[in-house]
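Some notes on the structure that comes next.
A short reminder: the numbers here are calculations on the coordinates, not readings from a lab. Since this is a predicted model, take the numbers as computed values, not measurements. Ideal geometry is used to build each Cβ from the backbone, glycine not excepted, and the neighbour counts take in all protein chains shown.
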Amino acid sequence: MQMTSIPNIARKNAEVSGYSLEELEHFRKIFSAEIREHEAKARRFAVPILILFVAGFGAVLYSLLCVQPPLIWLLIAGLALVATGLVLGTIMAIAFRQELTCPACHNYFIEEIQDCCPECGSSSIGFHDWRGWRHCDSCGKDLRTGSNRNFKYKACTTCGVFLYQKGL
Ligand SMILES: [Zn+2]
Ligand SMILES: [Zn+2]
């Protein structure tokens, strides 16, 4: 096994999570396969959504530029297609990510912060402060959730196993 490919943070993770380095490496492999599978699924949906966009824009341009007076129904249909594409794209992106689970504890990977820090996997994470943020003593981050989330999900927030260096 290539020890150099394991980030320091993951090595520290082995000391606290109770799993061996080999087991952690195994979990990361399962998880990256899971991510690849989800990306492939997302790509299959990306094509029809892209077609919706192109058709919508085409209809808008045609109704405005090529016909005088502009065809209002075509314009509205085009805008509706673009809007549908946007909504579907957003739903897909969110839905696929929420399906990811941790191979170690089988809880959802993208979750409200539980007992462990999603950035480093440490369990030395405080309670909500007055701003609703949680501070991790290990990596020093103030974790802000919600629409302006300021961290990436790299470790399972339930069991602390470090899974994805790139983060989601
Ligand atoms: Zn877990
Ligand atoms: Zn942390």
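Take each uninterrupted DSSP H stretch in the chain, measure its Cα extent along the helix axis, and return the ones at 15 Å or beyond whose mean Kyte-Doolittle hydropathy is at least 1.6. Spell out each step's value before the answer.
Details: long enough: 21-61 (57 Å, 0.44); 72-98 (39 Å, 1.90).
Both cut-offs are met by 72-98.
Name the long-range amide H neighbours of PHE151: under 5 Å, sequence gap of 5 or more, or other chain; modelled H, no Pro or chain starts.
Close amide H contacts, sequence-distant or interchain: ARG144.
If you wrap the chain's Cα atoms in a convex hull and average its projection over all directions, what's the area in nm²?
On the way: hull surface 51.7 nm².
With every direction weighted equally, the projected area is 12.9 nm².
Given GLY58, GLY146, GLY167, which one lies farthest toward the positive end of the charge dipole of the chain, if we put +1 on the Cβ of every Lys and Arg and -1 on the Cβ of every Asp and Glu?
It is GLY58, whose Cα lies furthest towards the positive end.
Once the piece of chain linking ASN148 and VAL67 is laid out straight, how much longer is it, given 0.36 nm per residue of separation minus the C-alpha distance between them? Provide the component values of the computation, followed by the final result.
Working: separation 81, 0.36 × 81 = 29.16 nm, distance 4.37 nm.
Gain on stretching ASN148 to VAL67: 24.8 nm.
Looking at the chain, which longest stretch skips every one of the trypsin sites (Lys or Arg not before Pro) that is in a DSSP loop with at most 10 other Cβ atoms within 10 Å, leaving the sites themselves out?
Values: sites that count: ARG131, LYS166.
The answer is 1-130.
Note down the relative contact order for the stretch 37-93 as a percent, whole number, built from C-alpha pairs under 8 angstrom at least six residues apart.
Details: 44 pairs, mean separation 23.9, N = 57.
Relative contact order comes out at 42 percent.
What shape does the stretch 82-168 take by its C-alpha gyration tensor, where a ≥ b ≥ c are the square roots of the eigenvalues and a/c under 1.5 counts as rounded, a/b above b/c as prolate, and the rest as oblate? The partial results should precede the final answer.
Details: a/c = 2.55, a/b = 1.52, b/c = 1.67.
In terms of gyration-tensor shape, oblate.
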